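Asks: A single structure is presented below for examination.
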Amino acid sequence: MRSLIILFCLAIFLCACDALNSGSSSGTGSGSALDLNLFPIDKDKELGNQVAGEIANDSKTYPLLDETKYAKAYGHIRRITNKLLNSGKLEHRNDFDWQVKLIQDDKTLNAFCTPGGKIYVYTGLIKYLDSEDDLAGVMGHEIAHADKRHSTEAMTRDMGITTLLNIVAGQNQSMLVTLAKNLSDLKYSRTHETEADAYSVQYLSGTNYRCNGAASFFQKIQASGGSQGPEFLSTHPDPGNRIQNINSQAKTKGCNTTASAPDAQYADFKASLP
């Protein structure tokens, strides 16, 4: 009962925050210092497990690469993932059950991470990028969305208070399943995207990767006129200054911006894919 009272008070505060923001929206989406997250950590994990189950049962939309047949490819992607997770920079490194899966789709240039740390990377993205530093940069961005709990923060912002409190209290679990199915439709605010870019730099700064690796992806997309990356940019809108912001973050941190991952190693990763 005490926890519900606390949640109810937070809900009232959230409504007050929404009222304060209603007259000052800039049109770039929510994501200010007034953002709250009423979901406990366990709900992030539960949502992630629900999404992972939906993906596993939908092989037409998400053709997961067979882990036994392509053990070498999974060895590479897990090596990269573990470097990022063990950078010492993640807030929820030990709170989430972090996992990574490969989706066999060479036409899709994308990656995403569910709440609770389920990471998915498309083979098309791996083959499109030029170095392991670049891939680590994009993955760092996606990991940041989970580590900073952007999905459940956005749900706190977008959902009705009564529905939210029921879910947090363990009621209306069917709604949780529905949320998991529709999670891909949830849009991050520009503030969330900027924060994920910044944390990508921070995560990579704790590794031997070039800490501004994510900037190279956007530079390549920009050079192609954006025509080669619609899947990623449809959910990660580029406000036009992300490359500059990422490089500025790297300069501020004074972290390594010189390519350090062996090209031969990334070439071997690509060759291990179907």
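The values are calculated or read from the model by the stated rules, or taken from the named source; none is laboratory data. As the structure is a prediction and not an experimental result, all values here were calculated from the model. Backbone-built Cβ (ideal geometry, glycine too); neighbour counts: all protein chains shown.
Asks: Among the residues of the stretch 52-76 satisfying the criterion of being β-branched (Val, Ile, Thr) and either at pLDDT below 90 or assigned to a loop (DSSP other than H, G, I, E, B) (or both), which is surrounded by the fewest Cβ atoms within 10 Å (Cβ to Cβ)?
Replies: That would be 68.
Asks: Answer with yes or no whether residue 119 is of a type in the set (A, V, I, L, M) and in contact with a Cys (Cβ under 6 Å, 6 or more places away or on another chain). Working first, answer last.
Replies: Numbers: of a type in the set (A, V, I, L, M): yes; in contact with a Cys (Cβ under 6 Å, 6 or more places away or on another chain): yes.
Spelling it out, residue 119 is indeed of a type in the set (A, V, I, L, M) and in contact with a Cys (Cβ under 6 Å, 6 or more places away or on another chain).
Conditions tested, residue by residue: (1) touching a Ser or Thr at 6+ places or on another chain (Cβ under 6 Å); (2) at pLDDT below 85; (3) not small (Gly, Ala, Ser).
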| residue | (1), (2), (3) |
| --- | --- |
| 179 | no, yes, yes |
| 193 | no, no, yes |
| 198 | no, no, no |
| 203 | yes, no, yes |
| 212 | yes, no, yes |
| 225 | no, yes, no |
| 233 | no, yes, yes |
| 246 | no, no, yes |
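Asks: What number of residues in the stretch 73-100 are touching a helix residue (DSSP H, G or I) at 6+ places or on another chain (Cβ under 8 Å) and of a type outside the set (Val, Ile, Thr)?
Replies: Step one: filter the stretch 73-100 for residues touching a helix residue (DSSP H, G or I) at 6+ places or on another chain (Cβ under 8 Å), giving 73, 76-77, 80-81, 83-85, 87, 89-93, 95-100.
From the residues that got through so far, the ones that are of a type outside the set (Val, Ile, Thr) too are 73, 76, 83-85, 87, 89-93, 95-99.
Number satisfying all stated conditions: 16.
Asks: Which residue is modelled with the lowest pLDDT, if the candidates are limited to the stretch 214-223 and must be of a type in the set (Gly, Ala, Ser) and buried (at least 21 other Cβ atoms within 10 Å of the Cβ)? Reasoning before the result, please.
Replies: Of all residues in the stretch 214-223, those of a type in the set (Gly, Ala, Ser) come to 214-216, 223.
Those left that are additionally buried (at least 21 other Cβ atoms within 10 Å of the Cβ): 214-216.
Values: 214: 94, 215: 93, 216: 90.
Among residues in the stretch 214-223 that are of a type in the set (Gly, Ala, Ser) and buried (at least 21 other Cβ atoms within 10 Å of the Cβ), the one modelled with the lowest pLDDT is 216.
Asks: Next up: Could you tell me how many of the residues in the stretch 113-163 are among the β-branched types (Val, Ile, Thr) and over 13 Å from the mean Cα position of the chain (by Cα)?
Replies: Step one: filter the stretch 113-163 for residues among the β-branched types (Val, Ile, Thr), giving 114, 119, 121, 123, 126, 138, 143, 152, 156, 161-163.
Okay, now just the ones that are also over 13 Å from the mean Cα position of the chain (by Cα), so 123, 126, 156, 161-163.
Residues that pass the stated criteria total 6.
Asks: So, of the residues in the stretch 77-97 that are hydrophobic (A, V, I, L, M, F, W, C) and assigned to a loop (DSSP other than H, G, I, E, B), which turns out to be nearest to residue 210 (Cα to Cα)? Break it down into steps so the answer makes sense when it comes.
Replies: Looking only at the stretch 77-97, we keep the residues that are hydrophobic (A, V, I, L, M, F, W, C), and these are 77, 80, 84-85, 90, 96.
Narrowing further to those that are assigned to a loop (DSSP other than H, G, I, E, B): 90, 96.
Details: 90: 18, 96: 26 Å.
So the residue we want is 90.
Asks: Given the criterion buried (at least 17 other Cβ atoms within 10 Å of the Cβ), of a type in the set (Asp, Glu) and at pLDDT 90 or above, identify the matching residue among 106, 95, 134, 130. First the steps, then the outcome.
Replies: Numbers: 106 fails: buried (at least 17 other Cβ atoms within 10 Å of the Cβ); 95 fails: buried (at least 17 other Cβ atoms within 10 Å of the Cβ); 130 fails: buried (at least 17 other Cβ atoms within 10 Å of the Cβ).
On inspection, the qualifying residue turns out to be 134.
Asks: Please specify each residue of the stretch 114-127 satisfying the condition of being at pLDDT 95 or above and not small (Gly, Ala, Ser). First the steps, then the outcome.
Replies: To start, the set of residues in the stretch 114-127 that are at pLDDT 95 or above comprises 116-127.
Of everything in the stretch 114-127, those that are at pLDDT 95 or above and not small (Gly, Ala, Ser) turn out to be 118, 119, 120, 121, 122, 123, 125, 126, 127.
Asks: So, residue 108, is that one on the phi < 0 side of the Ramachandran plot, assigned to a loop (DSSP other than H, G, I, E, B) and touching a residue at least 24 places away in the same chain (Cβ under 8 Å) or not? So that I can check it myself, show each step before the final result.
Replies: Values: on the phi < 0 side of the Ramachandran plot: yes; assigned to a loop (DSSP other than H, G, I, E, B): yes; touching a residue at least 24 places away in the same chain (Cβ under 8 Å): yes.
Against the criterion (on the phi < 0 side of the Ramachandran plot, assigned to a loop (DSSP other than H, G, I, E, B) and touching a residue at least 24 places away in the same chain (Cβ under 8 Å)), residue 108 qualifies.
Asks: Which numbered condition trips up residue 115, out of (1) surrounded by fewer than 21 Cβ atoms within 10 Å (Cβ to Cβ); (2) outside any helix (DSSP H, G or I)?
Replies: The number of the failed condition is (1).
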